[in-house]
1. Against the conditions (1) assigned to a helix (DSSP H, G or I); (2) modelled with pLDDT of 85 or more, where does residue 126 fall short? Just the number, please.
2. State yes or no: is residue 109 within 28 Å of residue 217 (Cα to Cα), at pLDDT below 80 and touching a helix residue (DSSP H, G or I) at 6+ places or on another chain (Cβ under 7 Å)?
């Protein structure tokens, strides 16, 4: 088990490094025709897919712990993770196809009604984002440029979705903490050192913008797909700007 994980980690690093070298030294047309990279990717595809899928299943199994529903849920969660991973064998996957698989993945969560489901949902979203990143590193998937032109942006929507919820350090701290696991009001109170209405004010800002939600009998707070993608995009944006 450990040996397979080590091999998998090494292969992922080699793919990322090789892809970076190609990007650095070759133009766009040259990258498309770079058969050595394609041969390397294809020769490693099966073991990477098997290893990544096993690792994802183990992560979901751990997130589910002793949940009585995990025998039903884990196969549903892992199905679309395997679908996206299998594209590692292909030379290209369109943005539309990725969007459809992600939509199918999110629709599965509508079936999750148990109070323990929030942990698995959060873990499943993280795993899906990691698989998409793997396809990017392998050169199989390239995100398309946004089809929305700058002059078409609605100022009020930009402020409501981005500026308002993220204009405060406390709200960013809350989002970061929920990216790893759901938390109760008491947990977030301890994290932020805020109580009662002061904390509720920030939580309502995030819920109204669709960044977080409450689920389960305990009404724990968990990050939504929009909230998680926004954090991931912010991280990538800051990395690009240095």
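1. Result: residue 126 fails condition (2) only.
2. When the stated conditions are applied, residue 109 passes them.
The values are calculated or read from the model by the stated rules, or taken from the named source; none is laboratory data. From a predicted model like this one, the values you see are computed outputs, not experimental measurements. As a convention, Cβ positions derive from the backbone with ideal geometry for all residues, glycine included, and neighbour counts pool all protein chains shown.
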